Amino acid sequence: MALWRVRATVDDRPGFLAVLTASLALRSVNILAVQVLTTEFGAVDDLVVDAPDAMSEAELLAAIERGRGRDAWVSRTDAYGLIDPPTQALTLAARLAADPESLPTALTALLGGSLVRREPGGAAASGHSDTTMRLPDPCSDGGSLVLTRLAPAFTPAEFARAHALVEVCRAVVTRRLAAATVLLPDGTEVALRPAGAHDLGAVDAMHGRCGERSLYLRYLCGTRGPGRSRLARLLTPARGVSMVAEVAAADGPHVVAVANLVGEGETAEIALLVEDGWQRRGIGTALLRRLVGLAAPSGFRSVTLHTHAENDAMLRTMRRLPSPSRLDRDGTLLSATIAVSETAALNSQ
């Protein structure tokens, strides 16, 4: 017996997969694994089959056609083809956690031998056709990964799986770039790291130690700060990253600052809050420079920072960042927008 990988489209109606399997069974072809990938043209059945040694590729294709399968593709495979997709995806994700630069190799394994090349920043947005798939490259400054496979045609399900693997890689890259230790002029060590849901209590307590003016300048209105539910959303944004600054204390690490990079589409907003007693010591500058450097790996092309014109400390910090490509004023509110292409040098700092 010989192992084959089979892919064919059938009408997405009850009983049509049974017709295909019955046709294969009549030729003593045993189905060992099956996936159904939905497309706009019908259900794509992806099978691993065990066929008689004497069966040729043409005979297998004829059996598929008699089973009402169309646009068929077949190829010899081996026992590795029997690995189920969830197990394969988890294995590749674990590999990326150890080595995010292995993303092209992981995508090749996920998508069955696709050719992968890197394109520099400014390339077209992600998407796929039958033979080409384009994905963001989190290991470069706004570049893309272009995957090519002549057959079988890429499906929406495969694009979704590949995009999920890219997001795993993006998370790993972001955490590695975000973590740092800053030495203040007085010798105090401050740890910068990505924030998470487990930081909610510490960040909430830090807000309680901040004065009304600090909170007003951070949230741009008169407030005692957001509630715990909004804080939780800020710490774990759907897209972007949040960071905290920690210092050692007798009762354990204390969070003394929190910064957020949150956005949709190609633009993200950056915001910062430093506890009153730790302001004007360089912590805010270190956090903002880190977040600006994380914009490209997070998939953004520009970042915007809003502040009041009276916020002298923030204005001084902004002057230490790359020059904004646009500076807008709306009454007392200033908005500085920085193109990500201008921030590439920050990624390694």
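Observations on the model:
- Plainly put, the chain has a radius of gyration that is 1.13 times its Kirkwood radius, both from alpha-carbon atoms, as the Rg/Rh ratio.
- Residues in the range 135-143 carry Karplus couplings, in order, of 9, x, 9, x, 8, 10, 7, x, x Hz; the curve used is 6.51 cos²θ - 1.76 cosθ + 1.60 with θ = phi - 60°, and Gly or Pro positions show x.
- Magnitude of the charge dipole for the range 2-82, about its Cα centre and with charges confined to Cβ atoms of Lys, Arg (+1) and Asp, Glu (-1), is about 140 debye.
- Estimated inter-spin distance, Met1 and Ala151, nm [label 7 Å along Cα→Cβ]: 2.6
- Kirkwood Rh in Å, taken over all unlike Cα pairs in the range 1-113: 15.1
- Charges were assigned to the Cβ only: +1 to each Lys and Arg, -1 to each Asp and Glu. The resulting dipole of the chain about its Cα centre is roughly 780 debye.
- Each of Thr108, Leu200, Leu3 was placed along the dipole of the chain (beta-carbon charges, centred on the mean Cα), and the one lying farthest toward the positive end is Leu200.
- Shape call, the range 85-174: gyration tensor on alpha carbons, a/c limit 1.5: oblate
- Gyration tensor (alpha-carbon) shape descriptor, the range 181-335, a/c threshold 1.5: rounded
- Residue ranges 239-247, 104-112 sort as 239-247, 104-112 when ordered by packing (mean number of other C-beta atoms within 10 Å per residue, highest first).
- Taken about its Cα centre, the range 196-318 carries a charge dipole of about 120 debye when Lys and Arg each add +1 at the Cβ and Asp and Glu each add -1 at the Cβ.
- Take the Cβ atoms of Arg239 and Ser335, set R0 to 25 Å, and the FRET efficiency comes out at 0.80.
- Fully extended contour minus Cα-Cα distance, from Asp11 to Arg224, at 0.36 nm per residue: 70.8 nm
Every number in this text was worked out from the coordinates using simple rules, so none of it is lab data. Owing to the predicted nature of the structure, the values given are computational and were not obtained by experimental measurement. Note that we place each Cβ from the backbone using ideal geometry, even for glycine, and neighbour counts take in every protein chain shown.
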